Amino acid sequence: MLVRNVISRTFETLRSQVKSESCVLAVSDSPVIIWPNKDAYATPEEITPSTLCEDMHQWIQADEQESSGKKSSKKKSKKSSVASVINLRLMTEVTKPGPLSAPILTKTVLKSHFVSVTLPLDCVVCTGRSDTIKDACEQLIEALTHQLCEMEKVTLQNMKGMTLLVPEPVHFLLPEPKGLVTVVYPVGVPDSQLVAQRKELHQQFELPDDRPYFRRANAYHFPNEPYKDGYLRNPHLALTHPTLDNGKVYLVQGIYSYHHYMQDRVDDNGWGCAYRSLQTICSWFQQQGYVELPVPTHKEIQQALVDVGDKQASFVGSRQWIGSIEVQAVLSHLLGLTSKILFVSQGAELASKGRELANHFLTEGTPVMIGGGVLAHTILGVAWSETTGQIRYLILDPHYTGAEDLQVITDKGWCGWKGPDFWDQTAYYNLCLPQRPKVI
Amino acid sequence: MLTISIPSHLLRHRRATEICQCIFIFFWSADEPLDLSKLPAFLVEVLATVLLLLNIFHEIMGRGYIVQDDVEGYLSKLCEQKADPVTGLLIGQSSTQRDFVVMAIRTPQKEESAAAARNSVDKEWVTEHARQVSRMLPGGLSVVGVFIITDADAKDALTTLRQLLFAVENLISSEHLWDPADDDVTDCVTLHINPKTRKTVCRTFDIKDPKSVAKPADWKYQSGLCSSWATVSCSLNVDMLLPLPNNRTSTGNMEECLKEGLKAWAHQIESGLCLIDGKRLPEDSELTVGQRRNVRQTYTAQLLITTENKRLTDVIEQCGGSVSVTGAIHSRAYLHSNKPKARLAEKLLKRDVVSTVATRVQMMLEELLASDQESKGSCRDKQQKELFCLPHRIFCPLKVSGPLCVCDYQFSDEGLSEVTERLKEMLDIDAAEEDLDTRQEMTFEITGCDITPEPTQEKVEAPEHKKNYIGVAMATAVALLATAASMLYLNDI
């Protein structure tokens, strides 16, 4: 009991520090410093409390931006939907005007425990076009105080004897209109042990209870933070989608990585296309939080097939092709996923599968692997008109052998919209449609 | 109109100014551009060549020290004393641009010294004096060299001076809690004066290099040296909380813990953001931009700190207690008047902040150790809480015109007369009690009851929640609060 009181009191002190005049927000990469609790007084003096948030950008020295980010923001239509991020650092001002009382040294002799924890405060507030710095500061301080309360709750909940778990905030982007939400999780506790907490959150935010929104892998990736692994994410977002008469566009939901020939120093040119498509699918399930397994290598994929008895041991290390059935088997064995197989006896029939594909992207929203003839591809979406039957397929081509250059990939159609004549009209095709597990 | 601006480091060299004055009839100052349109072209060429050559010779010619003219009188008086040798310290500021000496202080007499000992130099005594003096200098002022007044052989004198210089500087820098910076000047000066002939020999040594050889240096007196020096100051809150190891809570252990804690705190201060007069100045900009020259300038600084970016190890450990230092201090640094850079102001002020706190803690510990506090406080099981008032800082202006002050620390049980005594003994300054500036810090009144710092409460209105986010989103990325506030005590149950 005493312990909990001490912890609560410490958090109370922290909260009052955040609300005090010595709390300072320093804008990263710029000379701007704001005192949020002094009516948003700021330096340099050109910045006043009524300066608009978006005007802050002129004070920030932009670093060299990722090529992908820069290219997409140049397109006029995209400009309004790209949110821009301003990073701030929380600092404490240690100087203050006098009068001062000289320091005291206090020595306490008392057997006790000493705890030192660095609390990783991380808040996000979203501001509108007409919001001023003063508004943003009020929201930020409110968010910081609230986060400290959440951290206090999580710390007290997860205290066992003398062990303490550090609380850490994670941001999630929920579907409109809820937007960005921050949840405090205890460090080191895996997702599997936080089911009850997630159930509560789903209820609180009225989210469906059959797909995850709050797993750690679902954490929102801020647009100004590059991915460290170097793969491109969602290259299809750089494309303009076709408009068909009475047609609608049905796309993959969530985030996937583009896997293709020659990546990871594996020369699979000519034989690895289905493997790459499978990797793209695995990356989707990992980034949506369904699995924690990293994307499997060619050898791991082959080993999985040997393990289920589908192939001989000599298969591992070979350059043999795989098809949709093998993809289904690997998804099941390595990731525990079920997939549906769709069979068309002739490529020409694919044009009539608009409804099924549209439904798939609506309900499951997972990337589809299609294999037939001598090629494998990934289908990321369809544009389909119910009335005219017109159809286009959004294809991610694993046969690309170049570098991760978004401009080249989109210009040359390695990720692009194709018509029904893209398919070999006489060959038969198998499609593997992975299904989302119904978990949160 | 043709103008040449002469690099100021050349003009501090006496020969350069002499040569230039030979060529030109009219007087000009180092900071103003030279109007050469009135001269024939060939003279301009000659001047340019001369300056180029001097630039090359600059390194060989060595540093030039500009010295407050009061020092000349002080050293003269020392020459007239019977004692030989007389040693002492030279106080001033060295920067990459210029070197200044504002004060000379003779080594105090040792009372019990025998007649024989009086004629030799006691290295330990000189270095201990230097250590004490160093504590009494605010930021920007430091021991830049040593002097000796003796009619001994010049070579012997130089050897002695060299030994003293290295001993003094090494001791002083070993007590620093900060790492040396790349732009620190490591040359220090030695001055040998022959009391009979009054001949002065001035040399510099690079104290970073133990094998350094003497380089010639210029020693030039000037009046009104410090009249337009700038002062940067701030008042700073200190809030440190450190654990004491289990079962070892003696003063000696407390000293260890405090040293470590001070080092970590010094790091925080060093990497903090510094605002001068409310603005964050670019590092290479000059402090005095836009100010009229020869007007006394004072600047107020603000320091913003954050916990280090790398996560400190989170720890839970058993401890035998704690020691905390809380309160506020006044910190000050002086800057020479020759276009000082903002970077220098920040560096000197931060160093003064760190050293004033460290000095006071050290002084308190020395008091405790001396007054036999050891016997108490170890192995007791009962809870004990002891409060010690750290001495507070008093400033004393130097007689030279200008803002310069030295400082001293007054314990709560001392009177001002003790301060003036120390100023006389250590710094050879005659100060009256009325001269002392005691207003910068006040003693904390201990009334015997528990002192808990009041957190400042501010009213926060609940903002309306705005849900639309078309446009701009602001994110606070990994913000860490000061560790002092996130420490918890768990009592053994």
Taking H as built 1.01 Å from N, whose amide H comes closer than 5 Å to the amide H of B:Leu390, not counting residues under 5 places away? A:Ile104, A:Leu105
Counting only DSSP loop positions in the stretch B:210-286, the GluC sites (Glu not before Pro) whose Cβ has at most 16 other Cβ atoms within 10 Å are B:Glu283
Go through the stretch A:182-228 and name the trypsin sites (Lys or Arg not before Pro) that are in a DSSP coil and have 12 or fewer other Cβ atoms within 10 Å of their Cβ. A:Lys228
Label point at A:Val308 placed 7 Å out along Cα→Cβ; residues across the stretch A:320-358 whose backbone nitrogen lies under 12 Å: A:323-341
What total accessible area, in Å², is buried where chains A and B meet, using a 1.4 Å probe and rounding to the nearest 100? 9300 Å²
What is the sum of charges, Lys and Arg at +1 and Asp and Glu at -1, for the other residues whose Cβ falls under 12 Å from the Cβ of B:Cys234? -1
Per GNM of chain A with C-alpha springs under 10 angstrom, the most fluctuating residue out of A:Leu357, A:Leu100, A:Leu90 is A:Leu100
Arrange the residues B:Phe395, B:Phe388 by how much accessible surface each exposes, largest first, with a 1.4 angstrom probe. B:Phe388, B:Phe395
Tell me the Rg and the Dmax, in Å, that the Cα atoms of the stretch B:166-257 produce. 21.2, 64
Residue by residue through the stretch A:24-30, the couplings from Karplus 6.51 cos²θ - 1.76 cosθ + 1.60 with θ = phi - 60°, in Hz, x for Gly and Pro, are 10, 10, 10, 6, 5, 6, 7
Which of A:His202, A:Val125, A:Val187 sits farthest toward the positive end of the charge dipole of the stretch A:106-207, with +1 on the Cβ of Lys and Arg and -1 on the Cβ of Asp and Glu? A:Val187
Helix-derived [θ] at 222 nm for chain A: sum -39500 (n - 2.57) over DSSP H runs of at least 4, divide by residue count, nearest 500? -8000 deg cm²/dmol
Quick shape check on the stretch A:246-394: root eigenvalues a ≥ b ≥ c of the Cα gyration tensor, a/c under 1.5 is rounded, otherwise prolate if a/b tops b/c, else oblate, and it reads prolate
Pull up all non-local amide H partners of A:Thr127: gap of 5 or more, or a different chain, and H-to-H distance under 5 Å with H placed in the peptide plane. B:Val472, B:Ala473, B:Met474
Gain in length, B:Lys339 to B:Asp183, computed as 0.36 nm per residue apart minus the alpha-carbon separation, to one decimal in nm? 54.5 nm
Among rounded, prolate and oblate, which fits the stretch A:181-319 when a ≥ b ≥ c are the square roots of the eigenvalues of its C-alpha gyration tensor, a/c under 1.5 means rounded, and a/b larger than b/c means prolate? oblate
For B:Leu244, other-chain or 5+-apart residues with amide H closer than 5 Å (H placed, Pro excluded) are B:Gly320, B:Gly321, B:Ser322, B:Val323
Relative contact order of the stretch A:344-440, please, whole-number percent, based on alpha carbon pairs below 8 angstrom and at least 6 residues apart. 39 percent
If the limit is 27 Å between Cα atoms, which of A:Lys228/A:Lys418; A:Lys38/B:Lys341; B:Lys208/B:Lys263; B:Lys211/B:Lys341; A:Lys153/B:Lys279 go over it? A:Lys228/A:Lys418; A:Lys38/B:Lys341; B:Lys211/B:Lys341; A:Lys153/B:Lys279
In whole Hz and in residue order, list the ³J(HN,Hα) couplings for the stretch B:267-277 that follow from phi through the Karplus curve 6.51 cos²θ - 1.76 cosθ + 1.60, θ = phi - 60°; x for Gly and Pro. 4, 4, 5, 4, 8, x, 8, 10, 10, 10, 6
Read phi for every residue in the stretch A:387-400 and hand back ³J(HN,Hα) as whole Hz from Karplus 6.51 cos²θ - 1.76 cosθ + 1.60, θ = phi - 60°, with x for Gly and Pro. 7, 8, x, 4, 8, 10, 10, 8, 10, 10, 9, x, 7, 5
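The values are calculated or read from the model by the stated rules, or taken from the named source; none is laboratory data. Every value quoted in this text rests on a predicted model; they were computed, and no experiment measured them. In this analysis, Cβ positions are derived from the backbone assuming ideal geometry, glycine residues included, and neighbour counts consider all displayed protein chains. Remember, those area values only see protein heavy atoms, side chains included, never the ligands or the DNA or RNA. Shrake-Rupley method; radii C 1.70, N 1.55, O 1.52, S 1.80 Å.
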